[in-house]
1. If I filter segment 303-324 down to residues being in contact (Cβ under 8 Å) with a residue 60 or more places away in the chain and assigned to a loop (DSSP other than H, G, I, E, B), which single residue comes out as surrounded by the fewest Cβ atoms within 10 Å (Cβ to Cβ)?
2. Has segment 195-211 got at least one residue that is modelled with pLDDT under 95, surrounded by 13 or more Cβ atoms within 10 Å (Cβ to Cβ) and within 16 Å of C109 (Cβ to Cβ)?
3. With respect to the numbered conditions (1) closer than 22 Å to Y117 by Cβ; (2) more than 17 Å from the chain's Cα centre (by Cα); (3) not hydrophobic (A, V, I, L, M, F, W, C), which one is the sole condition not fulfilled by E259?
4. State yes or no: is L291 within 21 Å of L235 (Cα to Cα) and in a helix (DSSP H, G or I)?
5. Which of the residues belonging to segment 198-230 are among the acidic types (D, E) and under 29 Å from K266 (Cβ atoms)?
6. For segment 37-57, which residues satisfy the criterion of being touching a Leu at 6+ places or on another chain (Cβ under 9 Å), closer than 15 Å to A160 by Cβ and assigned to a helix (DSSP H, G or I)?
7. Which numbered condition in (1) among the acidic types (D, E); (2) free of Cβ contacts under 8 Å to residues at least 24 places away in the same chain; (3) touching a strand residue (DSSP E or B) at 6+ places or on another chain (Cβ under 8 Å) is the only one that D72 fails?
8. Condition first: small (G, A, S) and not in a loop (DSSP other than H, G, I, E, B). Now tell me which residues in segment 58-92 satisfy that.
Amino acid sequence: MYNVILGTGSAAPDNVVTNHDLEKIMDTNDEWIVQRTGIKSRHIALPGEKFSDFAVPAAQQALARSGLVAADLDMILAGTMTPDQLMPSGACTVQALLGADKATAMDICAACSGFIYGLSIADKYLKCDPSLNILVIGGEIVSHHLDWDDRTTAVLFGDAVGAAVVGARETGHRLLAVETGSNGNLGDLLYIEGTGSKTPVTKDFDIDNNYIKMRGREIFKHAIKNMVEVSNRALASAGKTVDQVTKIIPHQANMRIIEMLAKQFKKPMDEVFVNIDRYGNTSAGTIPVALNEAANSDFLEPGDLVLMTVFGGGLTWAAAVIEW
Ligand code: UT7
């Protein structure tokens, strides 16, 4: 028996905001955004739209493609920093809406790395109990934390959620290794100050504390270094070398980071999955949304050795190796 990806799904708000739309509300332009990031448009939730509105359809697609129903789920892990509410967790909200009555549900707060962190936990649970069916979700409604007056962050992010069901089977898309890492000493490079216990909501709450703050250039350097390191670690633990990798599904934070990763791993760009142009950076959503689109297009072929790698606030980073 191997731990395998049984099925994937994803969903995003219908509302699409282009760079040209942003030009009308802030001092930016399509040329800068495309050249510096590769982003052309992103999905942005409308008022009232929330995490579970997209996590539930993503999970339902993943279940249907797995040949399972919600009642078969033993565990739901949601990598998100933007659940519907602080309590209950996003995973518990999704559990109720799916009707996954026997599942244990919890969130993983690892910013962009939430989905692969979830895969890592699922992988280890399955090694203890191969009978489990585990739903791993990753994604955000990050737009609620964007300051539309801050062009250095507002143009970068978007909303989307992806999901995968994992279980132990004799055949399938085999999860060979998952590795993770973090460095809390660098937490101030990418953060949201409120609404935790340090800066709670009071009647004097400064709305600025609700917004994502990022030191982009510094994050850029750490992103490349740590994604390369954790990818090499995941490949070593899978007993594979980078030469054997045939497809890469990287975090979609910046096209220049994606291209530098491809260069580091000596891979042509047609072996690297890219959808940043249509989604922007959806934080914990980038990897599962990309995995779902790669799985349901001709990008992934049977026998591919797939490397997925991610990086985000915390700082956190992770990589997974899958034999497709
Ligand atoms: O998912 C979590 C991980 N996140 C990441 O990995 C993000 C990593 N960082 C990045 O992707 C890039 O650093 C950014 C895309 C955030 C920024 O790109 P950059 O090439 O590092 O630009 P910069 O911040 O150094 O800014 C260069 C110039 C500045 O103008 P001056 O000071 O040179 O006159 C900015 O004010 O670009 C200006 N600028 C903009 N111009 C037009 C910054 N944002 C914009 C904008 N439109 N939206």
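The values are calculated or read from the model by the stated rules, or taken from the named source; none is laboratory data. Note that this is a predicted model, so its numbers are computed, not measured. Cβ placement follows ideal geometry from the backbone for every residue including glycine, while neighbour counts extend to all protein chains displayed.
1. Only one residue fits best here, namely W324.
2. yes
3. Of the numbered conditions (1) closer than 22 Å to Y117 by Cβ; (2) more than 17 Å from the chain's Cα centre (by Cα); (3) not hydrophobic (A, V, I, L, M, F, W, C), the odd one out for E259 is (1).
4. Here the answer is yes, as L291 does meet what is asked.
5. E218, E229, listed by residue number.
6. S52, A55, V56
7. (2)
8. Within segment 58-92, A58, A59, A62, A64, S66, A70, A71, A78, G79, G90, A91 qualify.
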